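Here the structure comes first, spelled out in structure tokens, and everything after it is commentary.
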Amino acid sequence: MMKNKYAKLTLVGAGPGDVDLISVKGIKALEAADVVLYDALVNPKLLDYATKAIKIFVGKRAGDHYKSQDEINELIIENAYEHGHVVRLKGGDPLVFGRGQEEIIAASAHDIPIAVVPGISSVTSAPSSIGIPITRRGVSDSFWVITGTTQSNSLSKDLNLAAQSSATVMVLMGLRKLSLIVQLFSMYRDADEPVAIVQNATCENQKHVVGTLSDIEELVEKNKIGTPGIIMIGEVIKHRTPSELVELCNVQRQN
Ligand SMILES: C[S@@+](CC[C@H](N)C(=O)[O-])C[C@H]1O[C@@H](n2cnc3c(N)ncnc32)[C@H](O)[C@@H]1O
């Protein structure tokens with residue numbers, strides 16, 4: 001196949017879900033796109049910016065069809081060759097647990113120019129959406145971001161190290177392993193160590209629970225918290241902004 005002279009790949013971070021949390025640069029890339037390949041965690045309203053593009057859903061979610069990473073890489077190359085500018089729209093930031101780098105490598109192997117537009121990650125937006133400061137002077141000097149689902153599907157060894165620190169710990173893709181994570185942290189931190197979970201942060205269907213290592217599993221079950229969700233563990237959760245103020249901030253965002 002002949003390569004289209006406008007062949008290009010732009011990885012765009014769509015942000016955590018609220019349609020207004022994409023960057024201006026991300027919107028410009030969508031407006032210029034010939035093809036958009038988008039994931040399940042992307043707000044579909046963002047596709048309205050891509051007025052002239054072919055839109056292809058490549059995300060995976062229970063019940064929906066889904067493409068493997070190799071198939072997605074092939075689609076990027078085929079579409080860039082055939083149509084020109086491909087925007088790969090990914091939830092949050094494309095290079096935070098997003099396999100964006102694999103897509104960059106695949107495109108570069110075919111001499112397709114690449115651009116990256118960073119996005120607002122769920123890592124920072126989930127805590128702020130419920131008023132939790134991810135760091136606070138004198139309380140937490142660092143935050144660790146860890147996947148709950150490694151390539152081998154086992155718990156990451158980093159979780160063990162993180163549990164022994166005093167850091168705020170954020171676990172992505174960890175909800176299905178909540179029990180194991182709670183067991184691990186209970187070996188090193190007190191039973192009343194605060195834990196918060198936010199599902200669909202910044203989206204209209206956002207839900208959250210705030211508890212401790214001893215009761216978080218019960219709260220998750222009682223409140224029917226599911227995926228996609230982020231688990232936060234650490235003392236900073238005690239310093240949460242009162243919910244009336246967080247609500248006020250959300251109302252301004254929606255207007
Ligand atoms: C494959 S990772 C992608 C992360 C994404 N690149 C980011 O920067 O947010 C998917 C995981 O991110 C977390 N996640 C993404 N969006 C979320 C949201 N709006 N609310 C809560 N968690 C979210 C969940 O842990 C989910 O399982």
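The values are calculated or read from the model by the stated rules, or taken from the named source; none is laboratory data. Small disclaimer: the values here were computed from a predicted structure and weren't measured. Cβ sites come from the backbone with ideal geometry, for glycine too, and all protein chains shown count toward neighbours. For the accessible areas, the whole protein counts, side chains as well, though only heavy atoms, and no ligand, DNA or RNA atoms are used. Shrake-Rupley method; radii C 1.70, N 1.55, O 1.52, S 1.80 Å.
Please verify whether region 78-85 includes one or more residues that are under 21 Å from the mean Cα position of the chain (by Cα) and among the polar types (S, T, N, Q). There is no residue in region 78-85 that is under 21 Å from the mean Cα position of the chain (by Cα) and among the polar types (S, T, N, Q). Residues of region 20-37 that are within 19 Å of Ala201 (Cβ to Cβ) and crowded, with 17+ Cβ neighbours inside 10 Å: Leu21, Ile22, Gly26. Filtered by the rule that a residue be within 14 Å of the ligand (Cβ to nearest atom) and in a loop (DSSP other than H, G, I, E, B), region 223-240 gives Ile225, Gly226, Thr227, Pro228.
When we screen Val195, Val246, Val220, Val209 for residues that are part of a helix (DSSP H, G or I) and in contact with a Leu (Cβ under 9 Å, 6 or more places away or on another chain), the only hit is Val220. Number of residues in region 89-104 that are near the ligand (Cβ under 8 Å from one of its atoms) and over 22 Å from Ala53 (Cα atoms): the value is 5. Scan region 197-214 and give yes if some residue there is under 18 Å from Val96 (Cα atoms), open to solvent by less than 60 Å² (accessible area, probe 1.4 Å), within 16 Å of the ligand (Cβ to nearest atom) and of a type in the set (A, V, I, L, M, F, W, C), otherwise no. Among the residues of region 197-214, at least one is under 18 Å from Val96 (Cα atoms), open to solvent by less than 60 Å² (accessible area, probe 1.4 Å), within 16 Å of the ligand (Cβ to nearest atom) and of a type in the set (A, V, I, L, M, F, W, C), which makes the answer yes. Number of residues in region 65-96 that are outside any helix (DSSP H, G or I) and open to solvent by 20 Å² or more (accessible area, probe 1.4 Å) equals 9. Set side by side, the residues Ser121, Ser128, Ser140 differ, and just one is among the small types (Gly, Ala, Ser) and more than 16 Å from the ligand (Cβ to nearest atom), which is Ser140.
Per-residue answers, yes or no, for (1) part of a loop (DSSP other than H, G, I, E, B); (2) within 19 Å of His208 (Cβ to Cβ):
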site: Ala115; (1), (2): no, no
site: Ser128; (1), (2): no, yes
site: Ile132; (1), (2): yes, yes
site: Ile146; (1), (2): no, no
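Being outside any strand (DSSP E or B) and under 30 Å from Ala80 (Cβ atoms): is that true of Thr202 here? The answer is no for Thr202.
Restricting Thr241, Thr168 to residues that are assigned by TED's automatic domain parsing to the domain that holds Arg137, in contact with a Cys (Cβ under 9 Å, 6 or more places away or on another chain) and either in contact (Cβ under 8 Å) with a residue 60 or more places away in the chain or under 22 Å from Val19 (Cβ atoms) (or both) narrows the list to Thr241.
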